[in-house]
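Presented below is the structure to which this report refers.
The values are calculated or read from the model by the stated rules, or taken from the named source; none is laboratory data. Every value quoted in this text rests on a predicted model; they were computed, and no experiment measured them. Cβ placement follows ideal geometry from the backbone for every residue including glycine, while neighbour counts extend to all protein chains displayed. Each accessible area value is taken on the protein alone, full model and side chains, heavy atoms only, with ligands, DNA and RNA left out. Shrake-Rupley method; radii C 1.70, N 1.55, O 1.52, S 1.80 Å.
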Amino acid sequence: MPDNKPKMVRGKATRDFTDATTERRFAAKSSYDFTEGEFGNFLAAGLVVAVDSTPAEAKPARG
């Protein structure tokens with residue numbers, strides 16, 4: 001059975017905005033899960049930046 005769930009991308013809003021299509025509201029500096037399509041559109045418009053979803057404790061220490 002195929003997985004019909006869209007791939008999600010974690011992103012952070014660069015400013016407050018409302019998606020005109022869905023009327024979802026996003027607050028500046030808050031992180032959200034976006035579909036790949038949403039993220040690509042918002043990124044191109046400068047409304048979001050990518051967020052590294054790897055927990056800090058799982059990252060190797062810089063030395």
Check whether at least one residue in region 23-34 is modelled with pLDDT under 95 and open to solvent by less than 50 Å² (accessible area, probe 1.4 Å), and report yes or no.
no
For residues that are touching a residue at least 40 places away in the same chain (Cβ under 8 Å) and within 17 Å of Gly46 (Cβ to Cβ), scanning just region 1-33, find the one that is farthest from the chain's Cα centre (by Cα).
Val9
Is it the case that Ala45 is more than 11 Å from the chain's Cα centre (by Cα), open to solvent by 40 Å² or more (accessible area, probe 1.4 Å) and at pLDDT 95 or above?
yes
